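The structure appears below as structure tokens.
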Ligand code: CA
């Protein structure tokens, strides 16, 4: 406190105003917005109707988008599960927060934003999928799935490492636990709650009530389904195609062993019977009868993949509706911000793939919608580039907490108000992916995406560059890196890439430029 402000407060004491001012501050503090962050897993924006999808309807995600904002250019800086969550928590790139790969323990001895919220009077909770191999500090309540968790009758682990098995379907249970926490929270404080949904992660196990809901639908093949990866070396060497990598048994549940397969170990006899009746009685029967091979088989696998994936997503959307209803019915709507986002994008058959990882659009970009009553005008569309590392500083900013200088993301609050539509903003973004070779043999790479171009450098066993003109080639099929007429452009993009690498302190990438 400065001498001047100390003197000012001293004066207030004398005049007896101070207690009134303090009451006002307390009042302002208690009116700080609550924040519910619903974070799903692998939920592709191509399957969300607010993003124009014709594959499925997502009325509840659309409710958030329609009553708030939809972000059309939100990018994840390392497109896999755990690292994306580490970026969310720290507001920093993977090379800074140290969590570059899945299946390794996140270093909890570092600054994470829920702890800063907690120190500033917020109640904080994380329920559901976390996937960090360790429980971070700064959470008043924590009840999370161990690792990837199970779709049926999952275990949850609390901060004391006590494990509880809950009967039922994971998306419902995560929502039940969230609603339960909301009911029992300290109602004198604002709160920050992460509803961490496992859906729609592989192996795409739908809720029993949703089995078969898309059986009469024939989904169109994406334009790039039969991509031959010409001119893209890393794409030629990946192991994530629907054709070769997607398993008939474990992924598509064709003639799976309901007694022996680990995927059904946690099922009750009733749940197992419902799955058996559908997948053995209908899906596997159809598979046997049709005796498919070649393209017909790949396309059948694609249809089955989408049917399972979208049925799993249906429960996710329904449960988002339950959270929205709870907020609306409990007088929280006006002062509660609701965010829905996926940890990264996902391939729905584009390039013949499922999974994520690559810096190509489908996995780089992710769904992000946000309702902020009184600040965001309903129906707002934001096309500016935002990143997963922006969520931490944004939430701190909204909560009135100073954003630490070492956070690499920036608060998107200036983009939210209708009065300020043209703030100075980034026009390019930096990406760096590491996990190799398992599980999908995607070579490590980093790169820059601008509004018009994308330049990617693959390394770690191959040495290749790719350049795409996103306006002429939005599906990223034509690598023009070796075309001499782009030499000047490449040089310019490499300079921009180097600037980003230096700004974000990625020393490993700097050596590889
Ligand atoms: Ca994920």
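Some values worked out for this structure:
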quantity: Search result, residues across region 354-363 that are more than 10 Å from the ligand (Cβ to nearest atom), buried (at least 24 other Cβ atoms within 10 Å of the Cβ) and closer than 14 Å to residue 476 by Cα; calculated: 358, 359, 360, 362
quantity: Helices (runs of 4 or more DSSP H) contained in region 272-378 and holding at least 3 residues over 18 Å from residue 79 (Cβ atoms); calculated: 285-290, 294-329
quantity: Selection within region 180-191 - in a helix (DSSP H, G or I) and either in contact with a helix residue (DSSP H, G or I) (Cβ under 9 Å, 6 or more places away or on another chain) or in contact (Cβ under 8 Å) with a residue 24 or more places away in the chain (or both); calculated: 181, 182, 183
quantity: Check on residue 379, away from the ligand (no atom under 14 Å from the Cβ), touching a helix residue (DSSP H, G or I) at 6+ places or on another chain (Cβ under 7 Å) and over 26 Å from residue 441 (Cβ atoms); calculated: yes
quantity: Selection status of residue 221, more than 16 Å from the ligand (Cβ to nearest atom) and closer than 30 Å to residue 397 by Cα; calculated: no
quantity: Residue match in region 241-253 (condition: within 27 Å of the chain's Cα centre (by Cα) and assigned to a helix (DSSP H, G or I)); calculated: no
quantity: Residue satisfying all of: in region 310-331; touching a helix residue (DSSP H, G or I) at 6+ places or on another chain (Cβ under 8 Å) and over 26 Å from residue 215 (Cα atoms); farthest from the ligand (Cβ to nearest atom) among these; calculated: 330
quantity: Some residue of region 47-61 being away from the ligand (no atom under 16 Å from the Cβ), buried (at least 24 other Cβ atoms within 10 Å of the Cβ) and at pLDDT 95 or above; calculated: yes
quantity: Number of the condition not met by residue 336 [criteria: (1) on the phi > 0 side of the Ramachandran plot; (2) over 15 Å from the mean Cα position of the chain (by Cα); (3) surrounded by 21 or more Cβ atoms within 10 Å (Cβ to Cβ)]; calculated: (1)
quantity: Test result for residue 471, in contact with a strand residue (DSSP E or B) (Cβ under 8 Å, 6 or more places away or on another chain) and not assigned by TED's automatic domain parsing to the domain that holds residue 70; calculated: no
quantity: Residue match in region 137-146 (condition: without any contact (Cβ under 8 Å) to a residue 24 or more places away in the chain, in contact with a strand residue (DSSP E or B) (Cβ under 7 Å, 6 or more places away or on another chain) and farther than 28 Å from residue 395 by Cβ); calculated: no
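The values are calculated or read from the model by the stated rules, or taken from the named source; none is laboratory data. None of the values given here were measured: they were computed from a predicted structure. Positions of Cβ are backbone-derived with ideal geometry, glycine not excepted, and every protein chain shown enters the neighbour counts.
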